[in-house]
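Below is one structure, written out as structure tokens, with a few remarks after it.
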Amino acid sequence: MIEYFFSQYSGYSTFNITLEIVAIIFGLLSVWFAKKDNILVFPTGLVSTFIYAYLLWQWSLLGDSMINVYYFIMSIYGWYHWTRKKGDVDEFPVSVMTNKEKAMSVVIFILTIIFVIAVYVYFDKFTSWYSYVDTFLTAIFFVGMWLMAKRKIENWIFWIVGDLLSIPLYFAKGYTFTSFQYIIFTIIAVYGYLEWKKILNSSQNLEPHQL
């Protein structure tokens, strides 16, 4: 059983295996803090995404590598966005998407797919089904991260879908530790949605019909 799950690592350097484990630890911490609506989601996420951007490029998962570069940038933006306050009250609390944000999400999704396809074609990386799944996942996660930075509850739906698709992708590619990480991510994301829903329902900033 152990050999089945981890034999893929026999050809990896100790350095890269260590990096993957460190990235996983900080990634799990980041998702846990996100579930708690805690601003520490961003500094822990910065560490994880920086490492994964490097590793995923080496693994030829260009879309996922770009996801993590984007995560890194959006984490800086989200960190700033979440710290903004009006007096002692958060200026941007947990909320639902507006119609304008829904339209923007569609635009981000479509443009991301077009961009990633162009990158894969340029580097001639459309060599397996992984590449096509990776393209779709990149778009899902781009929207999810943008919504998280905006503190929109719908971000969790995108994370759940993306995490579920990532589990078999990384296992098939031979990155077992990362595949296991996405199983945990999925579980935390479900609880994250439920916890943010409670925060949203208790917020005095929303009208009853929006809850």
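Overview of values
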quantity	calculated
Rounded to 10°, Cα long-axis angle of helix 41-58 versus longest principal axis of the chain	30
q = 0.29 Å⁻¹: log10 I(q)/I(0) that the Debye formula gives for region 82-143, counting C-alpha atoms only	-1.12
Acute angle (nearest 10 degrees) that the helix 155-173 long axis makes with the longest principal axis of the chain, alpha-carbon atoms	10
Selected from L46, Y170, Q181, residue furthest toward positive end of dipole (region 43-200; charges at beta carbon)	L46
Estimated FRET transfer efficiency when R0 is 30 angstrom, pair S203-I114 (beta carbons, to 0.05)	0.25
Reachable lysines, given that their alpha-carbon falls under 22 Å from the alpha-carbon of K173 and they are not under 8 places away in the same chain	K125
Helix axis angle, 99-122 relative to the chain longest principal axis, alpha carbon, degrees	20
Average silhouette area of region 65-111, convex hull of alpha-carbon atoms, in square nanometres	4.2
I21 paired with F126, simple spin-label distance in nm, labels 7 Å along Cα-to-beta-carbon	3.9
Spatial extent of region 10-92: Rg and Dmax, with the Cα atoms as the point set, Å	14.8, 55
Spin-label pair K102/Y80, simplified geometry with 7 Å Cα→Cβ offset, distance in nm	3.0
Region 50-129: C-alpha pair distances exceeding 21 Å, %	48
Quotient of C-alpha Rg and 2.2 N^0.38 Å, computed over the chain	1.05
Region 66-174: Cα Rg divided by the 2.2 N^0.38 Å rule of thumb	1.20
Cα-only Debye scattering, region 131-211: base-10 log of I(q)/I(0) at q = 0.14, 0.24 Å⁻¹	-0.52, -1.11
DSSP-assigned coil residues among chymotrypsin sites (Phe, Trp or Tyr not before Pro) in region 47-150, each with at most 11 further Cβ atoms within 10 Å	F123
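Taken together, the values in this text are just the output of simple stated rules run on the coordinates, not laboratory data. This is a predicted model, so every value here is computed, not measured. As a convention, Cβ positions derive from the backbone with ideal geometry for all residues, glycine included, and neighbour counts pool all protein chains shown.
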